[in-house]
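Structure record follows, encoded as structure tokens.
The values are calculated or read from the model by the stated rules, or taken from the named source; none is laboratory data. Computed from a prediction, not measured in an experiment: that's the story for all the values here. Note that we place each Cβ from the backbone using ideal geometry, even for glycine, and neighbour counts take in every protein chain shown. All accessible areas refer to the heavy atoms of the entire protein, side chains included, with ligands and DNA or RNA removed. Shrake-Rupley method; radii C 1.70, N 1.55, O 1.52, S 1.80 Å.
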Amino acid sequence: GESVGLHLPTLSVQEGDNSIINCAYSNSASDYFIWYKQESGKGPQFIIDIRSNMDKRQGQRVTVLLNKTVKHLSLQIAATQPGDSAVYFCAETLQGGKLIFGQGTELSVKP
Amino acid sequence: GAVVSQHPSWVICKSGTSVKIECRSLDFQATTMFWYRQFPKQSLMLMATSNEGSKATYEQGVEKDKFLINHASLTLSTLTVTSAHPEDSSFYICSASIAGLSSYEQYFGPGTRLTVT
């Protein structure tokens, strides 16, 4: 299930299940969005990106959906594995290349 | 390709001292580098944008005299935390954009854990 912790929402899933992580962004002028994975004590790692002229993009085991009407992004991870356990951040890009990160969701995969 | 390194990976310093963190693009030239700060269980917050050869642009609420940024070459940017205090303890992360390409693509370093005692 999904719950909100003191600062970071958490999502706990069973290994092999699909995971869906949601994100709301703030700026309707943003035209490029990225999902990052961050493991403990490490920098963010690029997962997948999407431009505002698209509403869906697929990668290997991951799919990003963009709903500009409600300013919402989601990341779907198929067949979630223990190695997927990490914090996931969405980010929107503003003019000048500045990235604004979302709150983040901690994904915990139970074997 | 597109590897960014940071040094040191962690540092402990005493309150009142200054600490310098280096961010290097190892296999590409970076026109623009960005510095972020991340507190435990929180998101990354952009501190400043650094362009090679010019003054950094700081985000609102970030003290430019406390967080000195130098981007002297296309492969190196430094962040100096001056007169550090315990509340400056955080995870500092840099990123770099490849010169000549869209600045939308940023490559992140592994971060530097700063602890001020």
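Put a dot 7 Å past each Cα toward the Cβ at B:Leu74 and B:Glu87; how far apart are the dots in nm?
4.1
Between A:Leu8 and B:Lys14, what FRET efficiency comes out of the Förster formula 1/(1 + (r/R0)^6) with R0 = 25 Å and r the beta carbon distance, rounded to 0.05?
Given R0 = 25 Å and the Cβ-Cβ separation, E is 0.25.
Compute the distance in nm between two label points, each set 7 Å from the Cα along the Cα-to-Cβ direction, one at A:Gln76 and one at A:Ser52.
My value for the distance between the label points is 2.4 nm.
Using heavy-atom solvent-accessible surface (probe 1.4 Å) with all chains present, what is the largest-first order of B:Tyr107, A:Tyr25?
Ranked list, largest accessible area first: B:Tyr107, A:Tyr25.
Could you grab the relative contact order for chain B? Cα pairs under 8 Å, six or more apart, rounded to a whole percent.
Across chain B, relative contact order equals 37 percent.
May I ask you to derive the relative contact order of chain A, considering only C-alpha pairs under 8 Å and at least 6 residues apart, and to give it as an integer percent?
Reported as a whole number, the value is 35 percent.
Skip the ligands, DNA and RNA, and give the accessible area per residue of region B:1-48 with a 1.4 Å probe, whole Å².
The answer is 51 Å² per residue.
Nearest 100 Å² is fine: how much accessible area is buried between A and B, summed over both sides, with a 1.4 Å probe?
1700
What are the lysines whose alpha-carbon lies under 24 Å from the alpha-carbon of B:Lys64, with same-chain residues fewer than 8 places away excluded?
A:Lys98, B:Lys14, B:Lys20, B:Lys55
How large is the Kirkwood hydrodynamic radius of region A:27-111, in angstrom, based on all distinct alpha carbon pairs?
13.4
Identify all lysines with a Cα-Cα distance to A:Lys68 below 18 Å; exclude those on the same chain that are fewer than 8 residues away in sequence.
Here the lysines satisfying the reach criterion relative to A:Lys68 are A:Lys56.
Between A:Thr69 and B:Val3, what FRET efficiency follows from the Cβ-Cβ distance if R0 is 45 Å, with the result rounded to 0.05?
Computed FRET efficiency for A:Thr69 and B:Val3 comes out at 0.75.
Could you tell me what percent of the accessible area of region B:1-40 is made up of carbon and sulfur, with a 1.4 Å probe and every protein chain present?
Ligands and nucleic acids excluded, carbon and sulfur give 55 percent.
Could you tell me what % of all Cα pairs in chain B have separations over 26 Å?
Value for chain B (Cα pairs over 26 Å): 13 percent.
How far is it, in nm, from the label point at B:Leu26 to the one at A:Gln103 when both lie 7 Å from their Cα along the line to the Cβ?
3.6
Per residue, how many Å² of accessible area does chain A show with a 1.4 Å probe?
With all protein chains present, chain A gives 51 Å² per residue.
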